[in-house]
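Working notes, beginning with the structure itself.
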Amino acid sequence: MSNAKLKNSTTEWRDLDALHHLHPFTDHKSLRASGARVIVKGDGPYIWDSEGHRILDGMAGLWTTNVGYGRAELADAARDQMLELPFYNTFFKTTHPPVIALSKKLAEITPPHINQVFYGSSGSESNDTAIRLIRHYWALKGQPQRHIIISRKNAYHGSTIAAGSMGGMSHVHKHSYPVYDGFRHVMDPYWFGESRDGETPEAFGLRAAKALEDEILAIGPENVAAFAGEPVQGAGGVKIAPDSYWPEVQRIIDKYGILFLADEVITGFGRLGTWFASDYYGLKPNIITFAKAVTSGYLPLSGILIDDKIVDALMGHDDDFNHGYTFSGHPVACAVALKNIEIMEREKLVARVADHGGPAMARMLAKFKDHPLVGEVRSVGMMGAIELVADKRTRRRFDNPGRVGLICRDHFFREGFIMRAVFDTMVCAPPLIWGDEQFAEAERVIRKALDLTLADVAGEIAA
Ligand code: PMP
């Protein structure tokens, strides 16, 4: 295709997109003015836009394409299953081989006390399912007053009304009119942003965990159904809890006998170098929610992994749990997920994150910690963040949060690289297949983009 033809197509696509497609989480006025970026192809760790630019994908689509793009095996698995049985529901006491095989496989790779799976198609749906199941569990146990779920500020659990309310993002709550009842939000374990002068990460982690216990006591433990948390807050800016936090949170959960929902929609399927972050942190959740990378994003699939204690409560009663989706356990999505997990096992991708990708990410980010714009770099497994600040010494932020992050993100993009800006925190979560070549390329682009951003905001930086 000639350049002229490509350019022409891009304009047409942008115009049609602006006319007919309303995008998620978007400032529609500004998108209409700028036009959308059109992505037309992906292969391995790269994507291509409609003007033929090759782009290194530092966000795995959206924390999703763990095995990378262009896997013919996944397409074949989908095609074969479509021809065999494209759809059948799993209501009314019916099942089918792909959902059985995937459920068995998931039970194998989750902790031993988790053996059952309930399916949906998105992370938001899986969290809605978890919320209903948690409340149903306590009703079955004769304690229906235990309905309050405690989560954290800046948590992201999805965009449906229930999952959005369980999340702790004020800009999501703002559009819920009003926020759904029965959720409380405690401080998130964000040492760089929330610690007091001289407070060690260790002491801060214990203080953040204590916020959970204080809230349980304020509500009355007899009214608390569960604690919900992402093992690493992803969309909130890759916030990694200090080492003291999770053991203390688990101790508090156990002490008050509440349920524990680990939202692993981002951290599931190898991101931290273990199948689930719950393994990485030694957590004992009663429910794990997953989505995204279960299929590496080749088809939508999500679900909740449920422990024996909750399943036993369901089995002890003969009334229905009135909840489900037409596409719960969709056969084609299940077949693709099974093949995706097979690829991850065959290529030892989870161990590769632990042995190679995670350390390489940490080494790469460490090279930027002395840059004048950078307040902190942090990573766990293949999830990393660079905090941009106006004053390195005092951690003072730039005015108008998000402005400098967008400047930096645009420099990344012009250099053929995608990292996401969460306000002024640049976050990275690439496909797990990144090798030395991709880390070297990312390092080069990050250095250049940080320098260009610094030049743009030089007047605002503390001397
Ligand atoms: N939970 C977490 C931790 C997430 O990061 C997300 C999406 N980024 C969701 C839930 C919601 O998933 P979905 O967009 O598939 O509804």
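Observations on the model:
- Using the rule -39500 (n - 2.57) for each DSSP H run of four or more residues, divided by the residues of the chain, the 222 nm mean residue ellipticity is -12500 deg cm²/dmol.
- Length gained on full extension, Ala33 to Glu347, computed as 0.36 nm times the residue gap minus the Cα-Cα distance: 108.7 nm.
- By a 1.4 Å probe calculation restricted to protein chains, Ile100 has an accessible surface near 90 Å², given to the nearest 10.
- Legend: residue pairs Lys392/Lys448; Lys29/Lys174; Lys141/Lys292; Lys210/Lys239; Lys105/Lys284, Cα-Cα distance threshold 21 Å; pairs beyond threshold, Lys141/Lys292.
- Rounded to 5, the percent of DSSP beta bridges in the chain classed as antiparallel: 65
- Anisotropy class of the stretch 92-172 from Cα gyration tensor, a/c 1.5 cut: prolate
- Relative contact order of the stretch 222-321, defined on C-alpha pairs under 8 angstrom at six or more residues apart (%): 22
- DSSP-loop trypsin sites (Lys or Arg not before Pro) across the stretch 125-180, with at most 15 other Cβ within 10 angstrom: Lys141, Lys174
- Applied to the stretch 32-37, the Karplus parametrisation 6.51 cos²θ - 1.76 cosθ + 1.60 on θ = phi - 60° returns per-residue 3J(HN,Hα) values of 4, 6, 9, x, 7, 7 Hz, with x for Gly and Pro.
- Under 5 Å, built H, 5+ apart or other chain: amide partners of Tyr69: Asp43, Gly44, Tyr46
- Shown is the FRET efficiency for Asp318 and Asp43, computed with R0 = 56 Å from the Cβ-Cβ distance and rounded to the nearest 0.05: 0.60.
- For the stretch 73-346, with all protein chains in place and a probe radius of 1.4 Å, 55% of the accessible heavy-atom surface sits on carbon or sulfur.
- Each Cα pair under 8 Å and six or more residues apart adds its separation to the average, and for the stretch 73-346 the resulting relative contact order is 29 percent.
- Rounded if a/c under 1.5, otherwise prolate or oblate - the stretch 73-346, Cα gyration tensor axes: prolate
- Pairwise centroid distance, computed over Cα atoms, of the stretch 251-281 with the stretch 172-219, Å: 17
- Approximating the spin labels as points 7 Å out from Cα along Cα→Cβ, the Thr394-to-Glu437 distance works out to 4.7 nm.
- Taking all protein chains as shown and a probe of 1.4 angstrom, Arg403 keeps an accessible surface of around 80 Å².
- Once C-alpha pairs closer than 8 Å and six or more residues apart are averaged by separation and normalised to the residue number of the chain, the relative contact order reads 19 percent.
- Taking amide H positions as modeled 1.01 Å from N, with prolines and chain starts lacking one, the residues under 5 Å from Val38 and 5 or more places away or on another chain are Ser50.
- Tensor-based shape of the chain (alpha-carbon gyration tensor, a/c under 1.5 rounded, otherwise prolate or oblate): oblate
- A DSSP coil position with no more than 13 other Cβ atoms inside 10 Å describes the following GluC sites (Glu not before Pro) in the stretch 305-389: Glu347.
- Protein-only accessible surface order, largest first, of Phe87, Phe276, Phe423 at 1.4 Å: Phe423, Phe87, Phe276
- For Gln116, the amide hydrogen comes within under 5 Å of the amide hydrogens of Ile306, counting only partners 5 or more places away or on other chains and with H modelled in the peptide plane.
- Summing +1 for each Lys or Arg and -1 for each Asp or Glu among the other residues whose beta-carbon sits under 14 angstrom from that of Leu373 gives +3.
- Sequence-ordered 3J(HN,Hα) estimates for the stretch 160-174 from the Karplus curve with 6.51, -1.76 and 1.60 and θ = phi - 60° stand at 5, 5, 5, 5, x, 6, 5, x, x, 9, 5, 6, 7, 4, 4 Hz, glycine and proline given as x.
- Summed over the residues of the chain and divided among them, the accessible surface reaches 44 Å² per residue at a probe radius of 1.4 Å.
The values are calculated or read from the model by the stated rules, or taken from the named source; none is laboratory data. For clarity, every value in this text was computed on a predicted model and none was experimentally measured. A quick note on method: Cβ atoms are made from the backbone with ideal geometry, for glycine too, and the neighbour counts reach across all protein chains shown. Please note that ligands, DNA and RNA were not included when accessible areas were found on the heavy atoms of the full protein model with its side chains. Shrake-Rupley method; radii C 1.70, N 1.55, O 1.52, S 1.80 Å.
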